[in-house]
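Chemist: Here's a structure for you.
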């Protein structure tokens, strides 16, 4: 939760949170699932970076947001990045629109996205089977 407050106050997500989060995710996967778990964790981290780095390069996301998504990729695997980004985008849009309508936030000032990523990542991490399983069964 410290990262959420930091992003709201300072408008950045510190490397100590994102990089250490990714390293701990990689280590946990390697220790608990062996080499195959580590490989999946590395793939999740790499996909998180590869998918969202272009958004940073065009100014759509901050570097901390990209590293935070990579850290969640390391913990959750690349398959869970889609629910994380969908939940964070939906929540950010609803809250952003509500703040603008209530005149608590100006349209021309971007909202920090890190808190929404952190909240969505935590939700997916805690309740992935309940939240995501219905999505995966839709295609079957």
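Chemist: Regarding residue 111, is this residue at pLDDT 80 or above and more than 22 Å from residue 82 (Cβ to Cβ)?
Modeler: When the stated conditions are applied, residue 111 does not pass them.
Chemist: Given the conditions (1) in a helix (DSSP H, G or I); (2) modelled with pLDDT under 95; (3) closer than 18 Å to residue 119 by Cα, report the number of the one that residue 56 does not fulfil.
Modeler: (3)
Chemist: Continuing with this model, one more query. So which of 66, 84 is in a helix (DSSP H, G or I), closer than 16 Å to residue 111 by Cα and either without any contact (Cβ under 8 Å) to a residue 12 or more places away in the chain or touching a helix residue (DSSP H, G or I) at 6+ places or on another chain (Cβ under 6 Å) (or both)?
Modeler: Details: 84 fails: closer than 16 Å to residue 111 by Cα.
Among 66, 84, only 66 is in a helix (DSSP H, G or I), closer than 16 Å to residue 111 by Cα and either without any contact (Cβ under 8 Å) to a residue 12 or more places away in the chain or touching a helix residue (DSSP H, G or I) at 6+ places or on another chain (Cβ under 6 Å) (or both).
The values are calculated or read from the model by the stated rules, or taken from the named source; none is laboratory data. Computed from a prediction, not measured in an experiment: that's the story for all the values here. Glycine also receives a Cβ, built like all others from the backbone with ideal geometry; neighbour counts cover every protein chain displayed.
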